[in-house]
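Just below is one structure, and these are the notes that go with it.
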Amino acid sequence: MKKRRFALLPQGLFPKILIISLLGITGIILLATIIFHVSSNSRKAIVSSQSGNTIIQKVLQICMLEGKYINSSDNSIPPLIEKHLMELQKTIDASEQENVDPEINDLLKNTRDLQKQHLDLLEKLIPQVKDLNGLVKKITAHFNAGNEHIQKMINLLNEEEMELSLMVEELPQPKAQLRDQASQFLGNFQTMVVTVQQLLLDNDGEAFIKKRENLLKRLNEKRVNTGAQAGVVNEEQYSGCWADVEKELEAIAPLLESLYTFWDNRENRKTELLAINEKMNSNAEKLVTIATGSVSEELDFANSITIVAICTISAALLILGFLIARSITKPINTITEGMKQGAEQVAQASGHVASSSQLMAKSASEQAAAIEECNSSMKEVASMTRTSAQNAGRANSMMEKVSDLAKKTYDSMEQLTLSMNAISEATNDTSRIIKTIETIAFRTNLLALNAAVEAARAGEAGAGFAVVADEVRNLSIQASDAAKSTASIIEGTLNKVKNGHDIVSTTRTAFSQVQETTAETAKILNNIDKLSSTQSNGIEQIDKAIDEINRTVQDNAANAEESASASDEMHSQSEHLKDYVTKLTLLINGKVSHL
């Protein structure tokens, strides 16, 4: 028989399975790191976006309060404007601490400078509004005083008419005309008070001057007509009333001339404030745009890195799986082939033994008498043979256990494969959640834009802006829930990796049981060897009886030689089989052996 040479067995299965587990854990850690990085940067971008929305909100509130203050001169409004400006500064300072983006920091710095300019202009606007309001009050006071004097003249004329009517006389025509002129002048005088208030609402300087000139022109026309009629009547009480009206008109004229200067100064401050508010609002919109773009870039980066990591780990797992399968199947196939050939040779040797046994049986019929003499010895041999058969049965049972344990090992490896697939599914879930975060960020951007449009359109109402702001907060809560779902999926993935580790431990236990079973089988084979020695002693007693039959001994001599040759061959094949079993045991235990 030629000795067969086999290649060096690979290392045990456990280190390779451990490498697969480590690769899976490394992939999970890498994905967790990516998610943490994206979450951190996205949080900063979201903070910047929220800061931009807050700035827009504050600017809109400031604009509404300033417009209300300019129109109403309510002294309780400036402290509210200053409060919003201080809150705006706090928002800018908090955003600068959170961000490292130079572009965002430049926008925040510029917005803070604009906020300081706004405060300076507000300090200038407040006294101008107060001066303008004081001037309007003076003009209104003179108009009211003039109204009282005109009304006094009309009342005097009405009283005189009542006295004349008692005497069945009518009011003289000049006085009646004076009363009519005074009534018309009184109506125009009251209209002038409303007109002065309307002048302050104009944003057009030329229109303001034109309205003021028309006002003065109408006053002068009514003034000339009424004054001329008072001169016709020429009575002291009426002339005195008209003289008082003339004094009020003389005081109103220069005040109306100064009204434009005060109004123009206020409008200049108002225009400057609006320009600053527009710049701050523009900076806030740019801040929101940059922050939204940063979130999109982080999500794209995370997707790219995740795809590369998954592809790399999958390729490594496939290569290791192929090497493991090859390291298992190749040596086992080699050993199986060797055992098959050995079994064939054992079968051939058994054929020779069978032929020799037939010849020995023929000779046995000739030595019946001798067999009777050694009958007792043969009984002992039979008993020992039965014991050997029982041991052989136990050896067969042990080998069946080995087969069952091998099946369990295969099932455990199948479960390990399923666990690895579960890890892949968990990674897909993580990718879907990241897409959810991207969708929420996109919707947040749309809502922020809608909020700005709604607030600008609403003006002083601003009710729609509050609704949109609430929706923005709801979307932020959804983003937080998506991050929590991501953490839960990662935790589930880690549990699946732990299950894979438990399955590997089960596989090791199964292989350990195989080793124990093989050792017990070796003990049984040792018992068989001892019993064979006892059988040899019994055969020696038979040989002594056979000495009495000389002819039969000679016939059996040749057959004994053939049986010996066949027994040697069977012994040699048995050694080969034991060698194969030993190598299989070493393979299972993960040891290296030269075959």
- Query: For the cross-link pairs 58/286; 138/222; 401/498; 83/116; 58/116; 109/286, which exceed 19 Å when the distance is taken from alpha carbon to alpha carbon?
  - Reply: 138/222; 401/498
- State, to one decimal in nm, how far the label point of residue 272 lies from the label point of residue 225, with both points 7 Å from Cα in the Cβ direction. 4.6
- Arrange 19, 55, 290 by Cβ neighbour counts within 10 Å, fewest through most, would you? 19, 290, 55
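Using Cβ counts within 10 Å as a stand-in for footprinting exposure, how do 233, 245 rank, fewest first?
233, 245
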- Calculate the spin-label point distance for residue 164 paired with residue 183, positioning each point 7 Å from the Cα along the beta-carbon direction, and give it in nanometres. 1.4
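Subtract the Cα-Cα distance of residue 246 and residue 90 from 0.36 nm times their separation in residues, and report this length gain in nm to one decimal. Please list the in-between numbers first.
Values: separation 156, 0.36 × 156 = 56.16 nm, distance 5.71 nm.
Extra length available between residue 246 and residue 90 comes to 50.4 nm.
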- Residues whose placed amide H lies under 5 Å from that of residue 171, excluding near-sequence neighbours: none
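Which ordering of 223, 394 is given by a fewest-first count of other beta-carbon atoms within 10 Å? Kindly include the intermediate steps, with their values, before the conclusion.
On the way: 223 18, 394 15.
Listed from fewest to most nearby Cβ atoms, that is 394, 223.
Which pairs break 26 Å Cα to Cα here: 130/210; 68/152; 152/210? Write down the numbers at each step before the final one.
Values: 130/210 24 Å; 68/152 38 Å; 152/210 32 Å.
In this structure, 68/152; 152/210 exceed 26 Å between Cα atoms.
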- Kindly state, to the nearest 0.05, the FRET efficiency for residue 304 paired with residue 74, given R0 = 60 Å and r defined as their beta-carbon distance. 0.55
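Read-outs throughout are calculated quantities, based only on the coordinates presented, and are distinct from any laboratory measurement. The structure displayed is predicted, hence computed values, not measured ones. As a convention, Cβ positions derive from the backbone with ideal geometry for all residues, glycine included, and neighbour counts pool all protein chains shown.
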